[in-house]
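Reading through the structure tokens given below for one structure.
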Amino acid sequence: MGSMNQTAATDFVLLGFFPELRHITAVVTLILLVYMAALTGNILLILLIWLDAQLHTPMYFLLSQLSLMDLSLTSSIVPKMATNFFSGRRDISFVACGTQIFFSLTVAIAECILITLMCFDRYVAICEPLRYPTIISPRVCLQMAAVSWTGGALTSLGHTAFTLHFHICSPREIPHFFCEVMAVLRIVCEDISVYEKAVVVTSILVLLLPLLLILSSYVLIFLAVLKMNSPEGRSKALATCSSHLCVVSLYFGPGMFIYMRPGSAKTPKLNQGLFLFGTVLTPLLNPLAYSFRNKDVFAALKKLMGKCVCYTKS
């Protein structure tokens with residue numbers, strides 16, 4: 001009994017998503033519907049890239065990794081949030097909280113690294129088209145994915161360990177709908193000013209620095225696009241680049257506003273809204289913005305649907 005009480009004493013309580021909101025049930029139901037749509041869109045995109053030989057290119061391989069990261073991020077947060085809400089239980093164990101921090105932070109950082117590498121892929125494809133197959137080889141694509149996942153995991157491991165080693169004040173209530181670093185730091189009973197500076201440094205390395213590299217690359221890309229003689233090639237390059245810039249804003253905007261804004265830990269409601277956008281809406285918008293408006297993806301989708309119809313008739 002004593003050990004059970006001791007275990008319970010280490011649990012956290014998640015206060016949930018805007019508990020004072022009037023129509024909270026409708027909001028959570030809508031979030032679940034958006035989550036299911038994001039799940040369907042990203043799984044479908046991964047299947048299309050895997051099954052269609054015409055999509056076996058570096059760009060689509062990196063896109064499949066981005067969709068896999070979107071699936072991992074939203075699935076590590078939304079199901080637990082919905083379960084807590086509909087069951088009426090708000091507790092989460094110390095181990096489960098640490099696991100949620102680790103996985104959500106790993107995927108978020110990995111996405112930032114991968115999007116930066118995807119920008120390099122577009123730069124080589126447009127500015128160095130003849131050398132593209134040599135520079136962006138299948139082996140290089142695998143290395144890009146490995147660097148993204150490994151960089152995210154190692155950075156997340158350090159922040160998770162540091163965050164959870166602090167002494168937590170009772171009643172251990174986290175003002176958020178999931179275990180997130182800035183929310184957990186709000187209930188720490190120690191001076192965390194040094195660690196907050198470390199969070200800012202990490203944010204500069206995984207958010208600001210990659211964003212500057214992306215913007216610098218796109219200046220060179222747009223200059224190269226303007227020099228193209230073919231109007232069709234110019235429009236195709238601009239369409240691909242605009243989609244990528246849209247994805248960049250979806251990922252980097254909320255992250256920079258949360259982790260690089262002074263006093264961010266003191267605005268939990270705003271942070272919740274930004275995290276809701278990043279963990280629910282962004283995984284839904286990514287396939288729409290980057291892939292399903294693409295002719296190659298649409299062709300692969302029509303081909304898959306045709307095969308399904310033929311299989312059903314037979």
To the nearest 10 Å², what's residue 296's accessible area with a 1.4 Å probe? 70 Å²
Rolling a 1.4 angstrom probe over the protein chains, ignoring ligands and nucleic acids, what is the accessible area of residue 281 in square angstrom, nearest 10? 70 Å²
Cleavage-rule hits, GluC sites (Glu not before Pro), segment 151-201, DSSP coil, Cβ neighbours within 10 Å at most 12: 190
Solvent-accessible area, 1.4 Å probe, carbon plus sulfur percent, for the chain: 70 percent
Going by average Cβ density within 10 Å per residue, which order do the peptides 226-236, 118-128, 97-107 take, highest to lowest? 97-107, 118-128, 226-236
Only Lys, Arg, Asp and Glu count, each charged at its Cβ (+1, +1, -1, -1), so figure out the dipole size of segment 96-235 about its Cα centre, rounded to 20 debye. 440 debye
Could you give the accessible area per residue of the chain, probe 1.4 Å, as a whole number in Å²? 51 Å²
Computed about the Cα centre, the charge dipole of the chain from +1 Lys/Arg and -1 Asp/Glu charges at the Cβ has a magnitude in debye, to the nearest 20, of 860 debye
Excluding residue 224 itself, what net charge comes from residues whose Cβ is under 11 Å from its Cβ, given Lys and Arg +1 and Asp and Glu -1? +2
Which of the DSSP-defined H helices in the chain satisfy a minimum axial length of 24 Å, computed from C-alpha atoms, and a minimum mean Kyte-Doolittle hydropathy of 1.0? 24-51, 94-127, 209-226
Given charges at beta-carbon only (K, R positive; D, E negative), |dipole| of segment 67-159 in Debye: 140 debye
From the C-alpha gyration tensor of segment 91-171, square roots of 5λ in Å: 38, 10, 9
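When N is the residue count of the chain, what does its C-alpha Rg come to as a fraction of 2.2 N^0.38 Å?
1.10
The values are calculated or read from the model by the stated rules, or taken from the named source; none is laboratory data. Small disclaimer: the values here were computed from a predicted structure and weren't measured. All Cβ positions, glycine included, derive from the backbone under ideal geometry; neighbour counts span all protein chains shown. Only protein heavy atoms, including side chains, enter the accessible area calculation; ligands, DNA and RNA are left aside. Shrake-Rupley method; radii C 1.70, N 1.55, O 1.52, S 1.80 Å.
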